[in-house]
Amino acid sequence: MTGITHIIFSATGTCILLGTSDPIVLSIAGLMGLVPDVDTSRSWSGQLLKPLSHYLEKHHDHRGITHSLLASIVIALLTAPVILLNPQIYAAIVLGYTLGWFADCFTKTGVQGLYPSQLRLVCPGNPKYRIATGSKAEYFLLTFLTLTLSLFIWINSGSGFIQSLNWILGSSFGAVEQYKQEGGQYLLTVHINGRNVQTQQPVDSQFDIVQDLSANSLIVRQGDAFFIAGTQGNLNIEASSMRVVGRKPITFAVQKLDFQDKLVNDILSNLPMDSYLTGELLIDGEVGTITTPVGQLSTIQAQTFGRITKLTLTSAITKDVLKLTKNSFGSGSLFMRSLEEYAAR
Amino acid sequence: MTFYRQKEAAIIVQSLKAAESLLVLGDTGSGKSFLAAQVQTQLQKEGYLCVLVPQDVPKAQILSITSCLGIPDTNIEGGKLNIPQLQNEVLIALEHTTAFLLFDDAHRLTPLVRYWLERLHNQGQPMALFATNPPAEGIFLRLPRFTLQPLPPKAIKQIIGETANKLNYELSNSQMSQMLAYCGGCPLLAERVVKESYLEIDPEGPDHHQQLDITPFLVALLMLAGIVRIIGIGLNRTSLYVIGGLCLVLVGIIRYLVYRLPKNNRKRLSP
């Protein structure tokens with residue numbers, strides 16, 4: 001195989017196996033792919049290390065000792081100190097080298113992968129379908145590898161293979177999984193296609209993710225309107241596709257609030273007004289009326305027991321809760337979540 | 001020509017001298033005939049009677065033995081003896097004479113000769129058979145056997161050098177190490193590769209048997225991607241489950257296509 005094919009083969013393999021698109025890592029892997037061919041003075045690496053290539057040519061077969069598991073182990077041991085500097089670069093060195101000789105399994109003569117055994121590893125078994133150096137088949141393979149490499153660099157430099165696939169499928173579970181992974185660092189915007197179950201209106205717009213409910217459903221908001229969107233369960237929006245289309249970096253803060261017979265406003269007014277509250281709040285007296293338009297999720301549910309009103313909050317906005325509690329006393333056990341955008345700080 | 005199988009020759013000579021027969025197995029071109037000739041020379045040098053039976057029709061083969069042992073090929077009336085009669089004569093003669101029989105390309109021996117060899121073997125006659133893929137029956141199953149290993153790269157390199165010298169063809173070390181990859185320790189292929197290169201013919205592909213097709217291992221390795229599917233179920237992660245499923249389908253397709261490729265036919269040469 002020509003040098004360029006080796007470079008691209010090793011870089012592609014490393015890109016897929018390590019899931020990285022770091023140009024330094026991929027370049028190192030690509031260059032290491034050239035090293036096994038040091039056993040012939042016709043190769044680039046052979047030209048560079050002439051004394052070594054002359055020695056190897058004199059005493060060994062081409063694609064012999066340097067194209068073996070033994071050589072890979074030696075390289076892994078020799079470069080072991082690199083692991084302290086950067087484990088990913090170490091993995092790229094060993095993988096790049098191993099893929100460098102492994103690619104030669106597809107050539108006419110194969111490789112002595114199990115050196116010191118003289119057995120030559122080949123694939124496929126029929127030599128007619130193996131690749132001759134510089135043949136048309138090799139250029140075809142090179143084109144295919146280059147396309148694969150470009151695709152995986154694009155995938156890895158985005159949000160990774162799994163999320164790219166989820167994006168293509170537009171699945172609700174993909175959006176939920178991405179929220180579980182990234183919800184702590186990013187405010188995710190999701191584009192939902194579907195219909196509102198209660199109003200039967202078609203939905204085709206963007207929402208911010210507030211929280212996940214199950215493996216298939218999320219609470220999302222658009223301005224002050226909240227919805228449960230997903231594919232299963234008690235839904236406001238039944239989604240035919242959900243794609244995460246934007247992420248904004250945020251700082252995420254959580255606070256637990258436990259209080260007994262205190263002025264609720266004193267406690268809540270200390271919190272950021274746009275933070276979310278989840279939990280239960282018992283208020284002395286009655287609260288104002290809660291109205292939620294049809295087709296939306298009411299994040300505050302009120303139940304009255306005699307003189308006490310119980311508020312059940314599900315990601316309710318602090319500002320809205322304050323409007324209800326006014327100057328009443330109450331007790332509660334709440335979780336506060338605030339997402340502060342970097343830009344806002 | 002340099003002789004590289006000194007050790008093997010010594011084993012055969014010693015075993016024959018101890019009145020033990022041997023079956024020597026080796027691929028085509030692994031140097032069996034050359035080894036047989038060396039064994040014969042060595043035994044004759046030590047003063048033993050040793051017959052290297054040529055690759056020929058049964059009649060000629062038996063006649064070569066009778067002439068060496070000094071058995072007349074006619075009866076008292078002057079009539080020519082037929083093959084079974086000659087075989088009987090050899091059986092009787094060898095009961096009292098010490099002589100070693102070497103059969104090259106023994107896998108080509110006709111059943112007539114093979115049955116006779118069994119009778120000779122039962123009589124305690126030491127012989128060495130050199131064969132490539134003989135049938136696993138009769139005399140071939142009875143004899144202790146050993147297999148000729150591929151020659152080391154150093155020896156093959158010397159053979160390549162000698163062949164090139166004969167052709168007045170100059171080869172660089174780099175060319176030699178490239179050729180070595182086509183030989184797989186087989187001296188016949190070493191000569192052929194040099195000649196092909198001399199005639200500027202591109203080598204087709206290696207013909208030696210030191211090859212291991214790793215396609216099944218690769219397919220098995222790719223099928224491991226299916227584990228992702230099970231992990232997906234275990235962790236309740238639907239996307240892993242979907243990816244595992246996609247991988248399995250892809251592997252299935254690759255497997256189907258790879259196994260549809262025509263197999264390498266070792267029995268026939270095809271263009």
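The table below gives the values:
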| read-out | value |
| --- | --- |
| Failed condition for B:F146, given (1) part of a helix (DSSP H, G or I); (2) more than 9 Å from chain A (Cβ to nearest Cβ); (3) surrounded by fewer than 18 Cβ atoms within 10 Å (Cβ to Cβ) | (1) |
| Candidates A:G19, A:G64, A:G46, filtered to the one that is within 14 Å of chain B (Cβ to nearest Cβ) and either charged (D, E, K, R) or without any contact (Cβ under 8 Å) to a residue 12 or more places away in the chain (or both) | A:G46 |
| Residues of segment A:214-249 satisfying the condition of being out of contact with any helix residue (DSSP H, G or I) (no Cβ under 6 Å at 6 or more places or on another chain), surrounded by 16 or more Cβ atoms within 10 Å (Cβ to Cβ) and β-branched (V, I, T) | A:I219, A:V220, A:I228, A:I237 |
| Matching residues in segment B:188-220 - criterion: being among the acidic types (D, E) and either more than 16 Å from the chain's Cα centre (by Cα) or surrounded by fewer than 14 Cβ atoms within 10 Å (Cβ to Cβ) (or both) | B:E191, B:E196, B:E200, B:D202, B:E204, B:D213 |
| Segment B:76-99: number of residues that are within 20 Å of B:L112 (Cβ to Cβ) and part of a loop (DSSP other than H, G, I, E, B) | 2 |
| Subset of segment A:37-68 [more than 25 Å from B:Q158 (Cα to Cα) and surrounded by 14 or more Cβ atoms within 10 Å (Cβ to Cβ)] | A:W44, A:S45, A:L49 |
| Selection within segment A:130-159 - free of Cβ contacts under 8 Å to residues at least 12 places away in the same chain and out of contact with any Ser or Thr (no Cβ under 9 Å at 6 or more places or on another chain) | A:S135, A:K136, A:A137, A:F140, A:T143, A:F144, A:L147, A:S150, A:L151 |
| Elements of type helices (runs of 4 or more DSSP H) contained in segment A:122-215, each with 2 or more residues being among the basic types (K, R) and either within 30 Å of A:R63 (Cβ to Cβ) or under 21 Å from the mean Cα position of the chain (by Cα) (or both) | none |
| Condition check for B:N165: surrounded by fewer than 18 Cβ atoms within 10 Å (Cβ to Cβ) and either modelled with pLDDT of 90 or more or out of contact with any helix residue (DSSP H, G or I) (no Cβ under 7 Å at 6 or more places or on another chain) (or both) | yes |
| Helices (runs of 4 or more DSSP H) enclosed by segment B:159-271 - at least 2 residues per element that are within 12 Å of chain A (Cβ to nearest Cβ) and polar (S, T, N, Q) | B:173-183, B:238-260 |
| Flag if A:R63 is of a type in the set (D, E, K, R) and in contact with a strand residue (DSSP E or B) (Cβ under 7 Å, 6 or more places away or on another chain) | yes |
| Given (1) surrounded by fewer than 19 Cβ atoms within 10 Å (Cβ to Cβ); (2) under 21 Å from B:L120 (Cα atoms), number of the condition B:K45 does not satisfy | (2) |
| Residue selected from segment A:266-323 under the condition among the acidic types (D, E) and farther than 24 Å from A:V197 by Cβ, by the criterion nearest to the chain's Cα centre (by Cα) | A:D274 |
| Test: residue in segment B:11-18 that is in contact with a helix residue (DSSP H, G or I) (Cβ under 8 Å, 6 or more places away or on another chain) and β-branched (V, I, T) | yes |
| Matching residues, segment A:74-125, being within 14 Å of chain B (Cβ to nearest Cβ), of a type in the set (A, V, I, L, M) and buried (at least 20 other Cβ atoms within 10 Å of the Cβ) | A:L99, A:A103, A:V111, A:L121, A:V122 |
| Residue among A:Y115, A:Y90 that alone is without any contact (Cβ under 8 Å) to a residue 60 or more places away in the chain, outside any helix (DSSP H, G or I) and closer than 25 Å to A:S68 by Cα | A:Y115 |
| Residues of segment A:159-170 classified as over 18 Å from B:I231 (Cβ atoms) and facing another protein chain (nearest Cβ under 8 Å), total | 1 |
| Filtered residue count, segment B:133-191, keeping only those that are among the aliphatic types (A, V, I, L, M) and under 23 Å from A:L114 (Cα atoms) | 10 |
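Residue-wise test of (1) β-branched (V, I, T); (2) without any contact (Cβ under 8 Å) to a residue 60 or more places away in the chain; (3) out of contact with any Cys (no Cβ under 7 Å at 6 or more places or on another chain); (4) closer than 27 Å to B:K263 by Cβ.
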residue	(1), (2), (3), (4)
B:S174	no, yes, yes, no
B:A181	no, yes, yes, yes
B:K195	no, yes, yes, no
B:D202	no, yes, yes, yes
B:Q210	no, no, yes, yes
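The values are calculated or read from the model by the stated rules, or taken from the named source; none is laboratory data. Predicted model, so just to flag it, every value in this text is computed and none were measured. Cβ sites come from the backbone with ideal geometry, for glycine too, and all protein chains shown count toward neighbours.
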